[in-house]
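The values are calculated or read from the model by the stated rules, or taken from the named source; none is laboratory data. Since the structure is predicted, the reported quantities are computational estimates derived from the model, not experimental observations. Cβ atoms come from the backbone with ideal geometry, glycine included; neighbour counts cover every protein chain shown. In case anyone asks, the SASA skips ligands and DNA or RNA and just uses the protein heavy atoms, side chains included. Shrake-Rupley method; radii C 1.70, N 1.55, O 1.52, S 1.80 Å.
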Amino acid sequence: MPFTHEDLRKYLERLNIKHKILMHEETYSAKKASAVLGIDLSKIAKTIVFIDENNEPLLVIMPGTRRVNQNRLAKILGKKRIRLARPDEVLEFTGYEVGAVPPVGHIRPIRTIIDEELLKWDVVSAGGGSVNATLEISPKDIVKLQNAEVMKVP
């Protein structure tokens, strides 16, 4: 059974992390979430799961306005290659379904990269654990909870 927004809420409350979970119609993309919630796309934190050549997951959190250059990112990280995780892998490594993955609160620790551009905001909006939920959280709390590496994601 996949995790949901309620699991995410309990996780964040247990750690006393300031947050909000907004419920709304289903949104499977940053662009749709931006439109539905009336939030600037640059304040949407996309959470993308990649898999490296050793079948290890990598979480990349970046503004909704940008796309990852997988080849350049792999090179920067010293990997031969990275690829997008399949839906079954996303669920296996995060506990959440594709389209609902939050930046924090996963089933196991995952190496996390966060784009430095997100840190200019006090609060970002991200996957909320369910396709009809959005998490509002400080990007600084994402860094802290995930022990995330901050960089300019190519």
Does residue 44 satisfy the criteria of being farther than 15 Å from residue 96 by Cβ, in contact (Cβ under 8 Å) with a residue 24 or more places away in the chain and buried (at least 19 other Cβ atoms within 10 Å of the Cβ)? yes
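Would you check if residue 34 is at pLDDT below 90 and surrounded by 13 or more Cβ atoms within 10 Å (Cβ to Cβ)?
yes
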If you go through region 114-130 one residue at a time, how many are surrounded by 21 or more Cβ atoms within 10 Å (Cβ to Cβ), under 23 Å from residue 35 (Cβ atoms) and either touching a Cys at 6+ places or on another chain (Cβ under 6 Å) or aliphatic (A, V, I, L, M) (or both)? 3
Residues that are hydrophobic (A, V, I, L, M, F, W, C), open to solvent by 60 Å² or more (accessible area, probe 1.4 Å) and assigned to a loop (DSSP other than H, G, I, E, B), drawn from region 89-108: 98, 107
Residue list for region 94-140, restricted to those being touching a Phe, Trp or Tyr at 6+ places or on another chain (Cβ under 9 Å) and among the aliphatic types (A, V, I, L, M): 98, 100, 104, 107, 110, 131
Residue count, region 72-83, condition out of contact with any helix residue (DSSP H, G or I) (no Cβ under 8 Å at 6 or more places or on another chain) and surrounded by fewer than 12 Cβ atoms within 10 Å (Cβ to Cβ), comes to 2
I need a count of the residues in region 114-133 that are modelled with pLDDT of 95 or more, β-branched (Val, Ile, Thr) and either touching a helix residue (DSSP H, G or I) at 6+ places or on another chain (Cβ under 6 Å) or closer than 28 Å to residue 55 by Cβ (or both). 2
Taking the stated definitions as given, is residue 83 without any contact (Cβ under 8 Å) to a residue 12 or more places away in the chain, at negative phi and among the basic types (Lys, Arg)? no
Taking the condition within 24 Å of residue 37 (Cβ to Cβ), touching a residue at least 40 places away in the same chain (Cβ under 8 Å) and either of a type in the set (A, V, I, L, M) or open to solvent by 30 Å² or more (accessible area, probe 1.4 Å) (or both), does residue 137 pass? yes
What residue, of 111, 67, 86, is at pLDDT below 95, of a type outside the set (Asp, Glu) and either touching a strand residue (DSSP E or B) at 6+ places or on another chain (Cβ under 6 Å) or open to solvent by 80 Å² or more (accessible area, probe 1.4 Å) (or both)? 67
Would you mind finding the one in 17, 39, 21 that is among the hydrophobic types (A, V, I, L, M, F, W, C) and buried (at least 19 other Cβ atoms within 10 Å of the Cβ)? 39
